[in-house]
1. Can you tell me how many residues in segment B:214-239 are over 20 Å from the mean Cα position of the chain (by Cα) and either more than 18 Å from B:Ser261 (Cβ to Cβ) or assigned by TED's automatic domain parsing to the domain that holds B:Ser111 (or both)?
2. Please work out which residue is surrounded by the most Cβ atoms within 10 Å (Cβ to Cβ), limiting yourself to segment A:50-81 and to residues that are touching a Leu at 6+ places or on another chain (Cβ under 7 Å) and in a helix (DSSP H, G or I).
3. Quick one: is A:Arg168 of a type outside the set (S, T, N, Q), within 12 Å of another protein chain (Cβ to nearest Cβ), in a loop (DSSP other than H, G, I, E, B) and within 30 Å of A:Gly39 (Cβ to Cβ)?
4. Taking B:Val282 as the residue in question, decide whether it is away from every other protein chain (no Cβ under 12 Å) and either in contact with a helix residue (DSSP H, G or I) (Cβ under 9 Å, 6 or more places away or on another chain) or among the aromatic types (Phe, Trp, Tyr) (or both).
5. Report the residue count in segment B:28-42 for those that are surrounded by 19 or more Cβ atoms within 10 Å (Cβ to Cβ) and away from chain A (no Cβ under 12 Å).
6. Please tell me if A:Arg221 is surrounded by fewer than 18 Cβ atoms within 10 Å (Cβ to Cβ), without any contact (Cβ under 8 Å) to a residue 40 or more places away in the chain and in a helix (DSSP H, G or I).
7. Only residues in segment A:191-216 that are more than 7 Å from chain B (Cβ to nearest Cβ) count as the first member; pair them with residues that are among the hydroxyl-bearing types (Ser, Thr, Tyr) and assigned to a loop (DSSP other than H, G, I, E, B), Cβ under 6 angstrom, at least 6 apart or cross-chain, and list the lot.
8. Return the residue satisfying two criteria in turn: it lies in segment A:98-147 and is touching an Asp or Glu at 6+ places or on another chain (Cβ under 6 Å) and more than 7 Å from chain B (Cβ to nearest Cβ), and of such residues it is surrounded by the most Cβ atoms within 10 Å (Cβ to Cβ).
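The values are calculated or read from the model by the stated rules, or taken from the named source; none is laboratory data. Being a predicted model, the structure only gives us computed values, none of them experimental. Positions of Cβ are backbone-derived with ideal geometry, glycine not excepted, and every protein chain shown enters the neighbour counts.
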Amino acid sequence: MTLSILGIGFSHSDIALSNQFLEDLDIGTNAQWIIEKIGIESRVISLPIPYIEKTRNQDPEEGLKVATTTPTELALKATSMACERAGISPSQIGMIICDCVRPNHIIPTEAQRIAKALDLSIPAFEVLTACPVFALHIDFIKRFKELPEYVLAITTSAVSQVVNYNDRSDGAIWGDGASACILSTKHLGKLKIIDSEFDADPTRSNAVVIDRFGWFHQDGRAVRDFSVRQTVRLIKRAEEKFGLDWSKDVFIGHQANATMLEQITTNRKIPEQNHWHNVRCIGNQAGAGAPASLAMRWDDIKPGMRVLTAVVGAGLSWGSVLMEGV
Amino acid sequence: MYILGFGKAFPNHPLGDQRFTSLPIPYIKETKNVPIKNALMHAVNSPSEIGEIALRAALEKAKLSTEEVTYVIGDTSTPWETCPSEGQRVAGRLGLKVPSYDVTAIGCALSASLFAITRWSDPPSLIAWVSSNLITQVIDFSEGTEKDLFGDGAGACIISADKEQGFKVEKVEYTLNHNSKFIIEQDLFGAIKIKSLPTSDELKKEFEPLLPQKFDGLIVAPPILEKQISSWGEVISHKHGELLGSNSAVTLAEIDVPVDSQVLVLEKSGGGGTGMILLRRVS
């Protein structure tokens, strides 16, 4: 029984936040520092620029009110693209799983809201772990003995709404985005799943946190060290097990920051043309970053090409998915 | 698939009757818990703390040690943090380094998790499941009926495909119904609100497609819907107030079911979810 990705979609917020703007906030950062340390040239967010300029988002409840989009709206746009690419109607979806690290509503859940918006009375629930969720979702779905004909796996977030823009690092990191994936074991798709894994070390779960009524915060240095080490370990494992050839296979990492990804691809000798990413212009989209990067290169996937996603983050948790073009 | 043991836990402050709250009573009297976002600064317990106690109780009931757990699934509808997941926070408190995450479906948390696990081809050997909901932290005590209905508590259970012990999971169903008359809402910064409660007939219509054709055992129901379900057979609910995803595990931790008897667990979520778990006591 082969699990296939029939279509994958993405969507992002539409407000560009520049490094120069962050420098002008006078919070101890500048455009050059951001490029050198984080490698992000611009990011897309859902908070109006004048609002950030005026308030620095010191009250996240107010941020939620003035935001130009919601995680649900982003998810629905990504779903629409995924269905179109899979050649199915949303009414054919038989199960939905969703991850949203900062929903606007606790009840109903994001998956239940999306199902309602699509007018689907089907099993729908959250499967949540934040940044490495693409690996968790694939690993979760792959375990089923039998699945509905089409399964929708979504990850969506608007983390910019929980950023303290007085913090010189956090404001530079986050963008907003969603990805949606149509999976099936009954139909062959453009990508088939070769392998997946998901694991966690919850003893370090307080290293990356989004407070319900507050902001995002993390132990930046520790998380960065963990992310680089763990991603390299995941890649090495895949190289050894499947004999990956970086002259033709593709790597997609967690879209946390571009300099970290450079460090990883240099270590594993992965050439730039076979490293797919979107963090430089979108920012860190939490769990949506890696699958959205894949979705943005959907037309570049060729038969026989193998794509490895290795993702890490909150939990602390990590995982990988190896796919092959069909 | 077997459930080896159930566990439960509550905060220490009695709220009257058999309900508990994690908020200091003087704080509730003085502020009515308005605004909701201040509750976290005054609350005595977090969901993870109470979840950990419930999970330890489930492990004790199953006669297992923490180190034997290979997988953790969590749930909460009252998170202090929307990231990381509740499963990861509770697993971290137990010192576990195993795959951990959340499967969340509000009042259908256990049926949604079992819906998946019972359909897996190679499930992990020992899954710790925990749902912790400290709902008084999101109640506006100045108005509405919510203050009389909800409580704080956590339920947990240990799930295994290998050990034939406790309850055998005979059937699990979970789905959504967007025409459900049971509607609960909670905005991220807002209080929990009951928008609509179903009649017995409306509820029966929602459950009917999922129910087994023949059943004459005990029915475990959510406290908030016990009255509507009471005419369907012998129905039992715990008496600690509505606990959403924690309900079923809390009730099952409190009752004695004779060996070879069946139990029908009914779950509803305010977001349209409907769940059913058919269990048989095997030891």
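1. Taking segment B:214-239 as the starting set, the residues that turn out to be over 20 Å from the mean Cα position of the chain (by Cα) are B:214-217, B:231-234.
Narrowing the set further to residues that are either more than 18 Å from B:Ser261 (Cβ to Cβ) or assigned by TED's automatic domain parsing to the domain that holds B:Ser111 (or both) leaves B:231.
Here the count works out to 1.
2. Looking at residues that are touching a Leu at 6+ places or on another chain (Cβ under 7 Å) and in a helix (DSSP H, G or I), I get A:Thr79.
3. When the stated conditions are applied, A:Arg168 does not pass them.
4. Taking the combined requirement at face value, the residue does not satisfy it.
5. 2
6. yes
7. Cβ pairs passing all conditions: A:Lys192/A:Thr2.
8. This residue is A:Val133.
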